[in-house]
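**Student:** Provided herewith is a single structure, encoded as structure tokens, for subsequent inquiry.
The values are calculated or read from the model by the stated rules, or taken from the named source; none is laboratory data. Since the structure is predicted, the reported quantities are computational estimates derived from the model, not experimental observations. Note: ideal-geometry Cβ built from the backbone for every residue, glycine included; neighbour counts use all protein chains shown. All accessible areas refer to the heavy atoms of the entire protein, side chains included, with ligands and DNA or RNA removed. Shrake-Rupley method; radii C 1.70, N 1.55, O 1.52, S 1.80 Å.
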Amino acid sequence: MAKAKAPRRPLESCTIKHINKTINAGDCVLMRPADQSNPQYVARIERIDADARGGNVKVLARWYYRPEESIGGRRQFHGSKELFLSDHYDVQSPDTIEGKCTVHSFKSYTKLDSVVNDDFFCRFEYNSSTGAFNPDRVAVYCKCEMPYNPDDLMVQCEDCSDCRSLKNWNWYYFSCHFQLEQKWLKKF
């Protein structure tokens with residue numbers, strides 16, 4: 001007869017001694033990769049539990065993927081701090097947690113006065129088995145018709161007819177606007 005699994009009890013939080021931080025369900029954390037040459041993994045802690053005696057603590061991690069880890073790979077409009085909240089969950093030891101981080105909504109990230117190392121943003125959920133994104137469409141800007149990349153400077157232009165013909169007619173990536181200005185100057 002198989003031995004019954006010992007019941008586990010939920011914990012509100014746990015203290016990670018090696019980093020001297022308390023982790024709660026809902027916190028975003030940086031987790032140690034098996035290959036130290038890779039960047040830290042980012043996860044949201046969904047649940048914390050322990051065995052009946054309060055030992056053998058485990059966390060249920062919901063993984064964020066970096067664009068290069070997705071089926072489509074990194075695209076020009078993905079910001080350097082962009083992550084996708086995936087449908088991929090794993091049970092992990094809290095000993096693999098190396099620190100806390102903040103994963104902002106895209107809107108709140110674009111309003112930050114300054115971005116620190118542990119700031120990230122997420123504007124998509126990602127289905128790791130199909131490669132599908134939610135939402136599957138986002139607003140595009142500029143003549144290049146690319147979504148907004150918070151790493152790239154955008155300029156507002158209200159003067160030229162090229163701007164007025166676009167849906168988001170007055171926002172250009174600086175590099176595209178500069179090309180338009182060069183083209184316009186060649187006419188004279």
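**Student:** Can you name the number of the only condition in (1) polar (S, T, N, Q); (2) part of a loop (DSSP other than H, G, I, E, B); (3) in contact (Cβ under 8 Å) with a residue 40 or more places away in the chain; (4) in the same structural domain as Ala25 (by the TED database) that Asn149 fails?
**Tutor:** Only one criterion in (1) polar (S, T, N, Q); (2) part of a loop (DSSP other than H, G, I, E, B); (3) in contact (Cβ under 8 Å) with a residue 40 or more places away in the chain; (4) in the same structural domain as Ala25 (by the TED database) is unmet by Asn149, namely (4).
**Student:** Any idea which residue in region 115-136 is nearest to Ala43 (Cα to Cα), counting only those that are open to solvent by 80 Å² or more (accessible area, probe 1.4 Å) and outside any strand (DSSP E or B)?
**Tutor:** That would be Asn117.
**Student:** Considering only region 1-110, give the strands (runs of 3 or more DSSP E) lying wholly within it that have at least 2 residues that are surrounded by fewer than 19 Cβ atoms within 10 Å (Cβ to Cβ) and modelled with pLDDT of 95 or more.
**Tutor:** Strands (runs of 3 or more DSSP E) meeting the threshold: 21-24, 41-51, 58-65, 82-92, 97-105.
**Student:** Something else now. Six or more apart or on different chains, Cβ atoms under 7 Å: show the pairs whose first residue is in region 16-39 and among the polar types (S, T, N, Q) and whose second is modelled with pLDDT under 95 and open to solvent by 60 Å² or more (accessible area, probe 1.4 Å).
**Tutor:** From residues that are among the polar types (S, T, N, Q), the pairs are Thr22/Thr15; Asn24/Glu12.
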